[in-house]
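K.L.:
Encoded as structure tokens, here's the structure I'll be asking about.
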Amino acid sequence: MLFPEPVFGPIHSRRLGASLGINLLPANAKVCSFECVYCECGFATSHGEARIPARDEIARKLESKLRDLIDKKAPLDVITFAGNGEPTLHPHFAEIIDDTLALRDRYFPDAKVTVLSNATRAHKPDVRAALLKIDNNVLKLDSAVQTTAEWINQPNSPDFDIAKIIDEIALFDNAIVQTLFFSGNYNGHCIDNTTEAEITAWIEALKTIRPREVMVYSLDRATPAHNLQKASPETLTHIAERARQAGFTVQLTL
């Protein structure tokens, strides 16, 4: 599922409410530093020329949509950067965040600005500075175990190191950690980030990160890799309780 416009929705988000989406990536291609086996956008494909929307185009379309929502007296809880891959890959990500915050303040000052990111560019000074400005800095951590993270996220970089990613996330004082729990098989690997060893390593990573909040959830849409199973409500509840016992605020989505 690819998003055909730079600004889409609002849609109802299970975790965020009425969410107006912003896609900073091409309408006809997924662009990401990961190839997650569960990604709703599928695996990376391109159909023709892949054009990244310009900064002024995004600002213009966002302002138009916000005005339209006001005219319709429609609710808006959050403006969410998500879309067809990793939003921080846009070359003007930091400037677009500034534009969005200004438009939010003008039209919907109570709405939150959220970025869903895989944290692979959190070490970039401009990206870090932008993520520190927003309301909800949601960073992915699907496993604290190197091999499992590689199997789940399939990073494009040979230098991917989950320990370094954890250390980068820990530098934020506004981090929200988002983890999708599931099991299954892919490319000959048995993947399960719900085991006791995985949960223990994940809790230890949370202790390093000290996030403002932790989001625990499982599969909700079709996945590009087959043979993946949603974690049961009992499993998710157990994981959430483990995190709460460790002192973290948890948002559990069943």
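The values are calculated or read from the model by the stated rules, or taken from the named source; none is laboratory data. This is a predicted model, so every value here is computed, not measured. Methodologically, a virtual Cβ is constructed for each residue, glycine included, from the backbone with ideal geometry; neighbour enumeration extends over all protein chains shown. Note: accessible area is taken over every heavy atom of the protein model, side chains too, but ligands, DNA and RNA are not part of it. Shrake-Rupley method; radii C 1.70, N 1.55, O 1.52, S 1.80 Å.
K.L.:
Among (1) closer than 21 Å to residue 250 by Cβ; (2) modelled with pLDDT under 95, which single condition is residue 187 missing?
P.N.:
Only one criterion in (1) closer than 21 Å to residue 250 by Cβ; (2) modelled with pLDDT under 95 is unmet by residue 187, namely (1).
K.L.:
Kindly indicate whether any position in region 68-78 is modelled with pLDDT of 90 or more, hydrophobic (A, V, I, L, M, F, W, C), out of contact with any Pro (no Cβ under 8 Å at 6 or more places or on another chain) and open to solvent by less than 20 Å² (accessible area, probe 1.4 Å).
P.N.:
yes
K.L.:
Name every residue in region 50-62 that is open to solvent by 40 Å² or more (accessible area, probe 1.4 Å), touching a residue at least 12 places away in the same chain (Cβ under 8 Å) and of a type outside the set (Gly, Ala, Ser), in order of residue number.
P.N.:
Across region 50-62, the qualifying residues are 51, 52, 55, 61.
K.L.:
Can you confirm whether residue 237 is surrounded by fewer than 17 Cβ atoms within 10 Å (Cβ to Cβ), over 23 Å from residue 37 (Cβ atoms) and without any contact (Cβ under 8 Å) to a residue 24 or more places away in the chain?
P.N.:
Criteria met by residue 237.
K.L.:
Check 66, 62, 76, 2 and return the single one that is within 17 Å of the chain's Cα centre (by Cα) and at negative phi.
P.N.:
2
K.L.:
Now a separate question. For residues that are touching a residue at least 60 places away in the same chain (Cβ under 8 Å) and surrounded by 20 or more Cβ atoms within 10 Å (Cβ to Cβ), scanning just region 23-38, find the one that is farthest from residue 158 (Cα to Cα).
P.N.:
23
K.L.:
Please count how many residues of region 1-22 are closer than 19 Å to residue 92 by Cβ, surrounded by 18 or more Cβ atoms within 10 Å (Cβ to Cβ) and touching a helix residue (DSSP H, G or I) at 6+ places or on another chain (Cβ under 8 Å).
P.N.:
Counting residues in region 1-22 that are closer than 19 Å to residue 92 by Cβ, surrounded by 18 or more Cβ atoms within 10 Å (Cβ to Cβ) and touching a helix residue (DSSP H, G or I) at 6+ places or on another chain (Cβ under 8 Å) gives 3.
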